[in-house]
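Undergrad: The structure is given below, and queries will be raised subsequently.
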Amino acid sequence: MLRLINARLGASGEVGRIASITIEDGLVREIRWGESADTTPSDVDLRGCWLFPGLFDLHTHLRDFEESAKETIHTAAGAAAHGGYTSICAMPNTQPPIDTPERLEHLLLKAEKEPIHIYAIGALTQGRAGRRLTEMGLMQAKGAIAFSDDGDGVADAACMYHALQYARQLGSVIIAHEEDRGLSGQAPLAEGEVAYRLGMLGQPEVAETAMLARDLALVAQTGARLHVAHLSTATSVAMIRAAKRAGLPVTAEVTPHHLLLTEDACAGYAALAKVNPPLRTEADRAALWEGLRDGTIDAVATDHAPHTAAEKARGFIDAPFGAVGLETAFPLLFTYGVATGLLPLARLLDALTVAPARCLGLPFPGVQPGAPADLFLYDPKIESEVDPSTFLSRATNTPFAGWRCQGQVIATLCGGRMVYCQKDHAIAEALAQHLGEAGVSTARKAW
Ligand SMILES: [Zn+2]
């Protein structure tokens, strides 16, 4: 048994109250409100730290298989734990893609060895070629929680229509990457001032909104659940808002980089800021915050997209799209969203835990008696800086290096096991020692 006393609890519903939490057999056994003075040998005093539920990322690129130079399931799990995440959802655009029940099973067998929860999303079409649907029913039976051709838009409207019909029958969800390839031209940045200054063609907003409009029409026709990945434009936010008002079963996500950066980050041909969809204008960024605030955008998803340093060094035009995000999402959003007053902490927590699980139809037990002890500790007193050399991810392609953050993840527990411990932090060390002694976990850092 372990008792975490004097923690500032940040579970949804209760944000900021001091509590003591008893953990036994990997579960939260009891929550007691208020300060605790009595320190027994099974207590660890968390005074000054926040205790949050383990975060849930519904959009993670794990790589592995033929791209293990970028990331593996193992290193992605380490990165997740370092960022406070205890649940991540693997996107199927790996090499080879997760487009058969056998490949899905293989992925989940590897994932089971990791100390955090890893869910699998199945590919929507065979070979991700956008023509023939995968065996969605069989993949769902093997554990696919949703289906997506993320990385590419589904160009063929009939294919998307049939996928939505099929998903509706299965009670599953389609995750849409909204990009008309003809309009986007796969340009490395958004159409606009920066592209003009750099003398480049950019991706117009309509590359996203044209396909989004089509998919919303298909949802209205089929009644199937659609989750829209990484919104990037103010118009998309308005379209999702209207669709929700009309009662369509649509949910949406936004990434930390679309909330925190604009196309200006691409000035100087910065390959680290080359993401898809591209970073857009300040007005788009403001609309994304507003959408997140009012719940139009349900969830924050990292779109964690690891690439090697060599790939990102190819230059702006030839470098692949994407940025890593698992290890920076929470400290950045806590600092630049909550501490600046843009977003209440309760809404941020909801968007990183309950809401993403709900988008995929999964329960999120949170912090309550009987729930798994999936938690992370955050010390808001530490002034930290995004330092890619500290990442547990195999990749370091972040556009946020050097950004100052208020606070740091110091420990993460999954099922009562310690899956990340910040060395040289007294409370994290005490917890690590304790979990070893209590027999709940001997893992100081599980990788
Ligand atoms: Zn995508």
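Undergrad: From the set of residues in segment 285-309 that are within 19 Å of ALA401 (Cα to Cα) and hydroxyl-bearing (Ser, Thr, Tyr), which is farthest from the ligand (Cβ to nearest atom)?
TA: Result: THR308.
Undergrad: Can you list residue pairs whose Cβ atoms sit under 9 Å apart, with the first residue in segment 416-442 being outside the structural domain of ALA80 (by TED's automatic domain parsing) and buried (at least 17 other Cβ atoms within 10 Å of the Cβ) and the second being of a type in the set (Phe, Trp, Tyr) and modelled with pLDDT of 90 or more? Count only pairs 6 or more apart in sequence or on different chains.
TA: TYR420/PHE376; ALA428/TYR420
Undergrad: Residues that are surrounded by fewer than 20 Cβ atoms within 10 Å (Cβ to Cβ) and touching a His at 6+ places or on another chain (Cβ under 8 Å): find the helices (runs of 4 or more DSSP H) completely inside segment 292-365 holding 3 or more of those.
TA: Answer list for segment 292-365: none.
Undergrad: Of the residues ILE98, ILE118, only one is away from the ligand (no atom under 16 Å from the Cβ), of a type outside the set (Gly, Ala, Ser) and under 16 Å from ALA146 (Cβ atoms); which?
TA: ILE118 is the lone residue from the list that is away from the ligand (no atom under 16 Å from the Cβ), of a type outside the set (Gly, Ala, Ser) and under 16 Å from ALA146 (Cβ atoms).
Undergrad: Please return the ranges of helices (runs of 4 or more DSSP H) entirely within segment 171-256 where 2 or more residues are within 15 Å of the ligand (Cβ to nearest atom) and either among the charged types (D, E, K, R) or surrounded by 18 or more Cβ atoms within 10 Å (Cβ to Cβ) (or both).
TA: 181-184, 206-222
Undergrad: Mind checking which residues of segment 105-124 are crowded, with 22+ Cβ neighbours inside 10 Å and part of a helix (DSSP H, G or I)?
TA: Residues satisfying the conditions are LEU107, ALA111.
Undergrad: Also: Restricting the first residue to segment 334-351 and requiring it to be under 21 Å from VAL367 (Cβ atoms), which pairs with a second residue that is among the small types (Gly, Ala, Ser) and outside any helix (DSSP H, G or I) meet a Cβ separation below 7 Å and a spacing of at least six or different chains?
TA: The qualifying pairs are PHE334/GLY407; LEU345/GLY10; ALA346/SER12; LEU349/GLY10; LEU349/SER12; ASP350/SER12; ALA351/ALA299.
Undergrad: Only one of (1) within 16 Å of the ligand (Cβ to nearest atom); (2) not in a helix (DSSP H, G or I) fails for MET160. Which number is that?
TA: The number of the failed condition is (2).
Undergrad: Hey, does segment 11-22 have a residue that's in the same structural domain as ASP374 (by TED's automatic domain parsing), part of a loop (DSSP other than H, G, I, E, B) and closer than 30 Å to ALA346 by Cβ?
TA: Yes, some residue in segment 11-22 is in the same structural domain as ASP374 (by TED's automatic domain parsing), part of a loop (DSSP other than H, G, I, E, B) and closer than 30 Å to ALA346 by Cβ.
Undergrad: Just name the residue that is farthest from the chain's Cα centre (by Cα) out of those in segment 333-386 that are of a type in the set (Ser, Thr, Tyr) and under 25 Å from LYS423 (Cα atoms).
TA: SER384
Undergrad: I'd like to verify a number: residues in segment 41-70 that are part of a loop (DSSP other than H, G, I, E, B), at negative phi and in contact with a strand residue (DSSP E or B) (Cβ under 7 Å, 6 or more places away or on another chain), how many?
TA: 7
Undergrad: Something else: Select from segment 72-93 the residues that are within 16 Å of the ligand (Cβ to nearest atom), part of a loop (DSSP other than H, G, I, E, B) and crowded, with 24+ Cβ neighbours inside 10 Å and list them in ascending order.
TA: Matches in segment 72-93: MET91, PRO92.
Undergrad: Also, quick follow-up: Looking at (1) over 24 Å from ALA329 (Cβ atoms); (2) basic (Lys, Arg); (3) under 19 Å from the mean Cα position of the chain (by Cα), find the lone condition where LYS274 falls short.
TA: Single failed check for LYS274: (1).
The values are calculated or read from the model by the stated rules, or taken from the named source; none is laboratory data. Nothing here was measured: the structure is a model prediction, and the numbers come from that model. Please note: Cβ atoms are built from the backbone with ideal geometry, for glycine as well, and neighbour counts cover all protein chains shown.
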